[in-house]
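Okay, structure first, notes after.
The values are calculated or read from the model by the stated rules, or taken from the named source; none is laboratory data. Since the structure is predicted, the reported quantities are computational estimates derived from the model, not experimental observations. Ideal geometry is used to build each Cβ from the backbone, glycine not excepted, and the neighbour counts take in all protein chains shown.
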Amino acid sequence: MPASLAPAESGDGDRVDVVRLETPCSPADDVPHASAFDRLKSILFGDERGTLAALDARVEKIEAAQRELPDRLPSAIERAQQARMAKSLARPVTEALGSAVEQNRQLIVDVLFPVIGPAIRKAIAEALRNLVADLNGAIESSLTPRGIRWRVEAWRSGVPYAEIVLKHTLKYGIDHVFLIERDSGLVLDRESAPQLPDLDADAIAGMLTAIGEFVRDSVGRDGSGTLDAARVGEHLLWVVQGPRANLACFIHGVPPAKLHAVLEQRLEAIHVALADGHDAADETVRRSLHPDVLMRDARVAASAPSAKSRWPAYLIAFIAVAVVAWIIAQRIRDDEWVEQVRASLATHAGFVTTRIERAGGALNVHGLLDPDAEPLDAAALGGARPRTPLKLDTVGYVSTEDTIVARRARRLLDAPASVTIETHDGVLALGGRAAAAWVDGARDRAAWVPGVRRVAFDVAREDDAVATARAALAEIARAMPSKLVAFVRETEPSADSAAVLDGIVADAQRAAALATTAGTPIRWIATGTNDDPGSDATNARVRSARAQWLADALRARGITNVATAPDDDALARATRQRAAFLRLSDATP
Amino acid sequence: MNAVAHKLCMLGDFGVGKTSLVARFVHSTFSEKYLTTVGVKVDSKEVALPGHAPCKLVLWDIAGRSQLDSLNMTYLRGASALLLVADGTRERSLHAALNLLMQSRTLLPDAIVALAVNKLDLVEQWEVAPAAIAELRRTLPVHETSARTGAGVEGVFADIATRLAA
């Protein structure tokens, strides 16, 4: 049944034109029907059929090309312009790698581990080797004068001490430098130190490459190890490995670690030049491999100041300045101390300082000492410097000082306490009262006392009982200040102070009886003393409290004629002990 | 003018005369003990070529064996030429040389190759038939050499150098 155009109605009653095709009843009906269908299509689509056929052919061609793509791709890549392809693929390959790392991190780690592991081990081993070399050099020279000199140089230059050690101790030279193609072992470039005999560089480079392969095959279990160094006696071979070429450096002596770093940098620069299309035998490359240039660069690298190393230099400088300042301050304090000792000696009656010197860590004082002078107390003179011994070297002499002459006169004349002796400018003045026999003898002998130029004798003669009483009283008065009541702290008396106090009470009672016989009223002064430590105010308060303690203790025992001393008592200041003592008042006749 | 260096590896069975050929051609820098320790000995010689720049041959004399192991394969890397050496008095050494060539081709597909049938001074004892040599000449250059007399030695190296320089 042929196709026919027939009107049809849509459901909503609108009229449209459609093509209605009757389904064929049997296969025999297909042919006329198909041809009719084709005619119909030609009527309906006309020229579009040609366009569709062209598109079909084009799609078929593209699909065929896609099917053949896997087979054609390798040769297409080989034919492609490599630089352009690399540039084009850089971005997608980078992104693909990034995506792979994000999504299959473990897989990437597993793949890269055999490569990264040996590289890390190699880097760590190299760093440790350099560190050990530096430490050995530093330890061996650290405490010698030469080491100290190098430390000063390191401090001045800001270069680490270990590198200064290497710079001075490690003498070396570079004999040959070979740039060797990694695969073939052929020499790409070579430089040798002048005046060395010529050698077959190609044969040596080849053997070196072969031995490197042999070592790697024999020792490197994972096949990744390389022959980096070899040493025979003082000759050393360093092989710096690169992806396309190796740098072999024949050295005699012990090179600094920096030289290896310089070789690595040089090889990296060469690889960059090779990648840029430069020839390995380029003049710039050749010059950069010259032994003298390499050694100069190693020296420059070794002496380049490091920012990290600055702070030890500053610390050492600070310590040095502090030490110098401390030494200067110590010297000033020493000088001040010596002047204090000199001034103290100048006030010591009967002593003349001839020389003061420092020797063997001690202060030696040389001088003249009168036998009647108070003995010198080295410990008391040393005072502020208990750790610096003060040694006294004295020679006897006769002093003409008034104090000493008076003391000498009292000793030689055996004057009783009731006799007053004073000297002034060589004039010996004797006063007071004494027994008649003593007066008679002393009048003649007084002029013979050394240092006395003239005698003013005015001693009243007494009967024997009064004189004896006065003499005994004077003796008690003289001895009384030596009876010291000691204190542990403040006004807490020591264990033996009670016995001392009993002695003082006994002497005071006996003095009262003698005073009655001599017809002389007496009055006692209680005086407190202190040792050196403590402020002036504290010490004055303590002295006053101790004097009051002694006065109270004596009053409690019946000694009532006791007063406390004013704080300007010179004897109290000179005592320098935690104590109190009793002395006769100056107003006593 | 600086000579261009080329790596030439010598392959062949044990005792075919590789080391003797090298010794006849160059004055060796290194001792032959490297052959038994490291497995290779390297020498070099500059060859003057008429009409070409001088060519330097760096000879890798690889210890004789009929099979190449992994170490020997690494020695072959970067070679521009292969000199196969066979002993004319031992036909098996010729088979070994050809076998070595087949193995090395996987690593060096473009290397120049030549075959030296050595011990020409013992030609009356040769097991290698002239017909076999003639057949081989159809596929690769074949030189008959004698390390003892020096016959053909310079020629085989000059042939390789010429082909390398071309």
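Go through the residues of the stretch A:188-199 one by one and say whether even a single one is at the interface with another protein chain (Cβ under 10 Å from one of its Cβ atoms) and at pLDDT 80 or above.
Let us first name the residues in the stretch A:188-199 that are at the interface with another protein chain (Cβ under 10 Å from one of its Cβ atoms), namely A:188, A:199.
With at pLDDT 80 or above added as a condition, the list becomes A:188, A:199.
Yes, the conditions are met somewhere in the stretch A:188-199.
Got at least one residue in the stretch A:459-474 being touching a helix residue (DSSP H, G or I) at 6+ places or on another chain (Cβ under 6 Å) and among the charged types (D, E, K, R)? Break it down into steps so the answer makes sense when it comes.
If we filter the stretch A:459-474 for residues that are touching a helix residue (DSSP H, G or I) at 6+ places or on another chain (Cβ under 6 Å), which is where we start, we get A:459, A:461, A:466, A:469-470, A:472-473.
Among the residues that remain, those that are also among the charged types (D, E, K, R) are: A:461, A:470.
Yes, there is a match, as at least one residue in the stretch A:459-474 is touching a helix residue (DSSP H, G or I) at 6+ places or on another chain (Cβ under 6 Å) and among the charged types (D, E, K, R).
Please go through the stretch A:473-497 and pick out each residue that is of a type in the set (Asp, Glu) and assigned to a helix (DSSP H, G or I). Don't jump to the end; show me each part of the working.
Going residue by residue through the stretch A:473-497, those that are of a type in the set (Asp, Glu) are A:475, A:490, A:492, A:496.
Once the filter is applied, which keeps residues that are of a type in the set (Asp, Glu) and assigned to a helix (DSSP H, G or I), the stretch A:473-497 yields only A:475.
Can you work out which of the residues in the stretch A:170-187 that are surrounded by fewer than 22 Cβ atoms within 10 Å (Cβ to Cβ) and closer than 13 Å to residue A:294 by Cα is farthest from the other protein chains (Cβ to nearest Cβ)?
A:172
Only one of these is surrounded by 14 or more Cβ atoms within 10 Å (Cβ to Cβ), touching an Asp or Glu at 6+ places or on another chain (Cβ under 8 Å) and part of a helix (DSSP H, G or I): B:133, B:160. Name it. Give the derivation first.
Details: B:160 fails: touching an Asp or Glu at 6+ places or on another chain (Cβ under 8 Å).
Matching residue, one of B:133, B:160: B:133.
For a quick check of your reading: which helices (runs of 4 or more DSSP H) sit entirely within the stretch A:1-113 and have at least 1 residues that are modelled with pLDDT of 85 or more and surrounded by fewer than 10 Cβ atoms within 10 Å (Cβ to Cβ)? Break it down stepwise before answering.
Values: elements: A:30-45, A:48-79, A:82-103.
Those helices (runs of 4 or more DSSP H) span A:48-79, A:82-103.
If residue A:555 satisfies every condition in (1) at pLDDT 90 or above; (2) surrounded by 15 or more Cβ atoms within 10 Å (Cβ to Cβ) but one, which is the exception?
Every condition holds for residue A:555 apart from (2).
Residues in the stretch B:65-107 that are within 10 Å of chain A (Cβ to nearest Cβ), surrounded by fewer than 18 Cβ atoms within 10 Å (Cβ to Cβ) and not charged (D, E, K, R): how many? Working first, answer last.
First, pick out the residues of the stretch B:65-107 that are within 10 Å of chain A (Cβ to nearest Cβ): B:69-80.
Applying the additional criterion that residues be surrounded by fewer than 18 Cβ atoms within 10 Å (Cβ to Cβ) yields B:69-70, B:73, B:77.
Applying the additional criterion that residues be not charged (D, E, K, R) yields B:70, B:73.
Total satisfying the criteria: 2.
If we scan the stretch A:205-219, do we find a residue that is of a type in the set (D, E, K, R) and over 27 Å from residue B:55 (Cα atoms)? If you could, list the steps in order and put the result at the bottom.
First, pick out the residues of the stretch A:205-219 that are of a type in the set (D, E, K, R): A:213, A:216-217.
Right, trim to over 27 Å from residue B:55 (Cα atoms) and you get A:216-217.
Looking through the stretch A:205-219, at least one residue is of a type in the set (D, E, K, R) and over 27 Å from residue B:55 (Cα atoms).
Conditions (1) over 30 Å from residue B:63 (Cα atoms); (2) within 14 Å of chain B (Cβ to nearest Cβ), marked per residue:
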| position | (1), (2) |
| --- | --- |
| A:203 | no, yes |
| A:215 | no, yes |
| A:232 | no, no |
| A:262 | yes, no |
| A:265 | yes, no |
| A:295 | yes, no |
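What is the one condition in (1) over 28 Å from residue A:410 (Cα atoms); (2) of a type in the set (A, V, I, L, M, F, W, C); (3) in contact with an Asp or Glu (Cβ under 9 Å, 6 or more places away or on another chain) that residue A:554 does not satisfy?
(3)
Yes or no: residue A:547 small (Gly, Ala, Ser), out of contact with any helix residue (DSSP H, G or I) (no Cβ under 7 Å at 6 or more places or on another chain) and crowded, with 21+ Cβ neighbours inside 10 Å?
Working: small (Gly, Ala, Ser): yes; out of contact with any helix residue (DSSP H, G or I) (no Cβ under 7 Å at 6 or more places or on another chain): yes; crowded, with 21+ Cβ neighbours inside 10 Å: yes.
So residue A:547 fits the description; yes.
Looking at the stretch A:529-547 only, could you name the residues that are in contact (Cβ under 8 Å) with a residue 24 or more places away in the chain and assigned to a helix (DSSP H, G or I)? Steps first, answer last, please.
Here is the first cut: in the stretch A:529-547, the residues in contact (Cβ under 8 Å) with a residue 24 or more places away in the chain are A:529-532, A:540, A:542-543, A:545-547.
Residues satisfying the conditions are A:540, A:542, A:543, A:545, A:546, A:547.
Look through A:486, A:471, A:467, A:499 and report the one residue that is more than 60 Å from the chain's Cα centre (by Cα) and under 21 Å from residue A:525 (Cα atoms).
A:471
Which pairs have Cβ atoms under 7 Å, sit 6 or more apart or on different chains, and link a residue in the stretch A:204-218 that is among the aromatic types (Phe, Trp, Tyr) to one that is modelled with pLDDT under 85 and part of a helix (DSSP H, G or I)?
From the stretch A:204-218, the pairs are A:214/B:71.
Taking residue B:128 and the conditions (1) more than 29 Å from residue A:205 (Cα to Cα); (2) touching a Leu at 6+ places or on another chain (Cβ under 8 Å); (3) in a helix (DSSP H, G or I), which numbered condition does it fall short on, given that it satisfies the others?
It fails just one condition, (3).
Conditions tested, residue by residue: (1) surrounded by fewer than 19 Cβ atoms within 10 Å (Cβ to Cβ); (2) touching a helix residue (DSSP H, G or I) at 6+ places or on another chain (Cβ under 9 Å); (3) more than 15 Å from residue A:417 (Cα to Cα).
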{"position": "A:440", "(1), (2), (3)": "yes, no, yes"}
{"position": "A:447", "(1), (2), (3)": "yes, no, yes"}
{"position": "A:485", "(1), (2), (3)": "no, yes, yes"}
{"position": "A:493", "(1), (2), (3)": "no, yes, yes"}
{"position": "A:503", "(1), (2), (3)": "yes, no, yes"}
{"position": "A:518", "(1), (2), (3)": "no, yes, no"}
{"position": "A:521", "(1), (2), (3)": "yes, yes, yes"}
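Mind listing whichever residues of the stretch B:23-32 are within 11 Å of chain A (Cβ to nearest Cβ) and closer than 25 Å to residue B:162 by Cβ? Talk me through it step by step, then tell me what you get.
Looking only at the stretch B:23-32, we keep the residues that are within 11 Å of chain A (Cβ to nearest Cβ), and these are B:26-31.
Across the stretch B:23-32, the qualifying residues are B:26, B:27, B:28, B:29.
Kindly list, by first and then second residue, each pair from a residue in the stretch B:87-114 that is touching a residue at least 40 places away in the same chain (Cβ under 8 Å) to a residue that is part of a helix (DSSP H, G or I) and among the β-branched types (Val, Ile, Thr), limited to pairs with Cβ atoms under 8 Å and residues at least 6 apart or on different chains.
B:88/B:123; B:112/B:160; B:114/B:156; B:114/B:160
Please enumerate the residues belonging to the stretch A:388-404 that are outside any strand (DSSP E or B) and closer than 15 Å to residue A:369 by Cβ. Walk me through it before giving the result.
First, pick out the residues of the stretch A:388-404 that are outside any strand (DSSP E or B): A:388-389, A:397-404.
Matches in the stretch A:388-404: A:397, A:398, A:399, A:400, A:401, A:403, A:404.
Restricting to the stretch B:50-63, name every residue that is over 11 Å from the mean Cα position of the chain (by Cα) and within 16 Å of residue B:33 (Cα to Cα). Talk me through it step by step, then tell me what you get.
Filtering the stretch B:50-63 for residues over 11 Å from the mean Cα position of the chain (by Cα) gives B:50-58, B:63.
Answer for the stretch B:50-63, where residues must be over 11 Å from the mean Cα position of the chain (by Cα) and within 16 Å of residue B:33 (Cα to Cα): just B:63.
Quick one: how many residues across the stretch B:33-54 are more than 12 Å from chain A (Cβ to nearest Cβ) and in contact with a helix residue (DSSP H, G or I) (Cβ under 6 Å, 6 or more places away or on another chain)?
Adding up the residues that qualify gives 3.
Under 6 Å by Cβ, and 6 or more places apart or on different chains, what pairs join a residue from the stretch B:63-86 that is at negative phi with one that is among the basic types (Lys, Arg)?
B:79/B:7; B:80/B:7; B:85/B:18
Using the structure shown, decide if residue B:11 is outside any loop (DSSP other than H, G, I, E, B), more than 8 Å from chain A (Cβ to nearest Cβ) and either among the basic types (Lys, Arg) or crowded, with 24+ Cβ neighbours inside 10 Å (or both).
On the way: outside any loop (DSSP other than H, G, I, E, B): yes; more than 8 Å from chain A (Cβ to nearest Cβ): yes; either among the basic types (Lys, Arg) or crowded, with 24+ Cβ neighbours inside 10 Å (or both): yes.
Yes.
Of the conditions (1) out of contact with any strand residue (DSSP E or B) (no Cβ under 7 Å at 6 or more places or on another chain); (2) aliphatic (A, V, I, L, M); (3) surrounded by 10 or more Cβ atoms within 10 Å (Cβ to Cβ), residue A:359 clears all except one; give me its number.
Of (1) out of contact with any strand residue (DSSP E or B) (no Cβ under 7 Å at 6 or more places or on another chain); (2) aliphatic (A, V, I, L, M); (3) surrounded by 10 or more Cβ atoms within 10 Å (Cβ to Cβ), only one is false for residue A:359: (3).
Does at least one position in the stretch A:498-509 carry a residue that is under 29 Å from residue A:459 (Cα atoms) and not in a helix (DSSP H, G or I)? Steps first, answer last, please.
Restricting attention to the stretch A:498-509, the residues satisfying the condition of being under 29 Å from residue A:459 (Cα atoms) are A:507-509.
Filter once more, keeping what is not in a helix (DSSP H, G or I): none.
Looking through the stretch A:498-509, none of the residues is under 29 Å from residue A:459 (Cα atoms) and not in a helix (DSSP H, G or I).
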